[in-house]
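Novice: I'd like to ask some things about the structure below.
The values are calculated or read from the model by the stated rules, or taken from the named source; none is laboratory data. Please read these numbers as outputs of a predicted model, since none were measured by experiment. With ideal geometry, Cβ positions are generated from the backbone for all residues, glycine too; neighbour counts draw on all protein chains shown. We work out accessible area using only protein heavy atoms, side chains counted, and drop any ligands, DNA or RNA first. Shrake-Rupley method; radii C 1.70, N 1.55, O 1.52, S 1.80 Å.
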Amino acid sequence: MNIAILSGGTGWHVQDLVRAAAELGHTVTPLDFRALSASVNAGRAPLSECDALLVRTMPAGSLEQVVFRMDLLHECAARGVPVLNPPRAVEVCVDKYLTTARLARAGIDTPPTAVCQRSDDALAQFAALGGDVVLKPLFGSEGRGMCRITDPETAWRTFRVLEQTGQVIYLQQFIRHPGWDLRAFVLGNRVIASMRRTAGADWRTNVAQGGTAENVTLSAAEAALALRAARAVGCPVAGVDLLPGPNGELFVIEVNAVPGWKALASACGVDVAKEVVRFLAERQQW
């Protein structure tokens, strides 16, 4: 099988996938999303030489550039080429509001959330959420750009800047947690690995932000919740983050459609890249 890995470069995860695919006997072609082009009735269909596509990352770009890249994925999927994750799942999970809405519609607990375009509306929601919120970029991962706001003056100034720069203001009520969360790596109908991430210098548990990772076996209820969350957003491959609340609740705070596994593989001793490639090769549709 000739597998194209679509990303924004040749970082660690791309190299790990290339290694795993080669060990499984597949041909691999890493492709940069920014270098892709297409033609209609003027040559071969885009990515027509590939038997399957693995979406690793979506590099930053203008609205037109990102829409065109997603169009290419949709076109390949329409021609019957397996795309992992499917284009619609990528679109849902890259958007925190849409992810949260899908989870809530499926009856899955998520932190109380407000999404606003105007600073005055956001300030009112800040108060309604208890005056202790986590401000997150609508598009983002690895804890980058997140901040906790507890002061009304800081909230007003921050929200004004976001409004004036044309950004959406995404707020979640801060959940008082024990200093750790769980990351489950979902592949199809099973959790292939999971870890507990403990916060480092601040409240964020992301390993990219200084958190530490250790192998953990999820309970049956935790694993079932992770699988439900992945299904709710249509992701065959997903990194699902579970956060314990102060009253025994378990919140889903993120479903990542292009999850990393560097820390997870090291902590759990699982060859995640090989599992993903094998899943793609064996599952021609999902």
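Novice: Take residue 117 and residue 79, extend 7 Å from each Cα along the Cα→Cβ direction, and tell me the distance between the two endpoints in nm.
Specialist: Label-label distance for residue 117 and residue 79, simple model: 3.7 nm.
Novice: With a 1.4 Å probe and all protein chains kept in place, how do 76, 268 rank by accessible area, largest first?
Specialist: The most accessible residue leads, giving 268, 76.
Novice: Give the ranking of 74, 26 by solvent-accessible surface, highest area first, calculated with a 1.4 Å probe.
Specialist: 74, 26
Novice: Helix 96-105 sits at what angle to the longest principal axis of the chain, using alpha carbons and giving 0 to 90 degrees rounded to 10?
Specialist: The helix 96-105 is inclined about 80 degrees to the chain.
Novice: So, taking all protein chains as they sit and a 1.4 Å probe, how much accessible area belongs to residue 1, in Å² rounded to tens?
Specialist: 60
Novice: On a 0 to 90 degree scale, rounded to 10, what angle separates helix 152-164 from the longest Cα axis of the chain?
Specialist: Taking Cα atoms only, the helix is inclined about 40 degrees.
Novice: Restricting the calculation to Cα positions, tell me the Rg (one decimal) and the Dmax (whole number) of the range 126-180 in Å.
Specialist: According to the Cα coordinates of the range 126-180, Rg and Dmax are 11.5, 36 Å.
Novice: With a 10 Å cut-off between alpha carbons and a GNM built on the chain, which of 62, 219, 194 moves the most?
Specialist: 62
Novice: Where is the GNM fluctuation largest for the chain (alpha-carbon springs, 10 angstrom cutoff): 185, 139, 33?
Specialist: 139
Novice: I've got another one for you. Compute, for residue 118, the solvent-accessible surface of its heavy atoms (probe 1.4 Å) with the complete set of protein chains present, and express it in square angstrom to the nearest 10.
Specialist: Residue 118 has an accessible surface of roughly 140 Å² with all protein chains in place.
Novice: Let me ask something additional. Under 5 Å between amide hydrogens, which residues at least 5 positions from residue 29 or on another chain qualify, with H placed 1.01 Å from N in the peptide plane?
Specialist: 3, 4, 5
Novice: Here is a further query. To the nearest 0.05, what FRET efficiency results for residue 41 and residue 104 with a Förster distance of 41 Å applied to their C-beta separation?
Specialist: It comes out at approximately 0.40.
Novice: Aspartates and glutamates near residue 96 by alpha-carbon distance under 16 Å, same-chain residues fewer than 8 away left out - which ones?
Specialist: Excluding near neighbours in sequence, the set is 109, 142, 241, 254.
Novice: Residue separation times 0.36 nm, minus the C-alpha to C-alpha distance between residue 262 and residue 151: what's the value?
Specialist: Working it through step by step, the gained length comes to 36.4 nm.
Novice: Which lysines, on any chain, are close to residue 274 with Cα under 22 Å apart, when same-chain ones fewer than 8 places away are left out?
Specialist: List returned: 262.
Novice: Working from Cα positions, state the angle (0 to 90°, nearest 10) between the long axis of helix 63-78 and the longest principal axis of the chain.
Specialist: 50
Novice: Any chance you could run the full-extension gain for residue 190 through residue 220? It's 0.36 nm times the residue separation minus the Cα-Cα distance, nm to one decimal.
Specialist: In short, 9.7 nm is gained.
Novice: With a Förster radius of 30 Å, plug the Cβ-Cβ distance of residue 176 and residue 63 into 1/(1 + (r/R0)^6) and report the FRET value to the nearest 0.05.
Specialist: 0.20
Novice: How large a share of the accessible area of the range 80-152, in percent, is made up of carbon and sulfur atoms when the probe is 1.4 Å and the other protein chains stay in place?
Specialist: Answer for the range 80-152: carbon and sulfur cover 51 percent of the accessible area.
Novice: Accessible area per residue of the range 27-133 at 1.4 Å probe, in Å²?
Specialist: So the range 27-133 comes to 51 Å² accessible per residue, rounded to a whole number.
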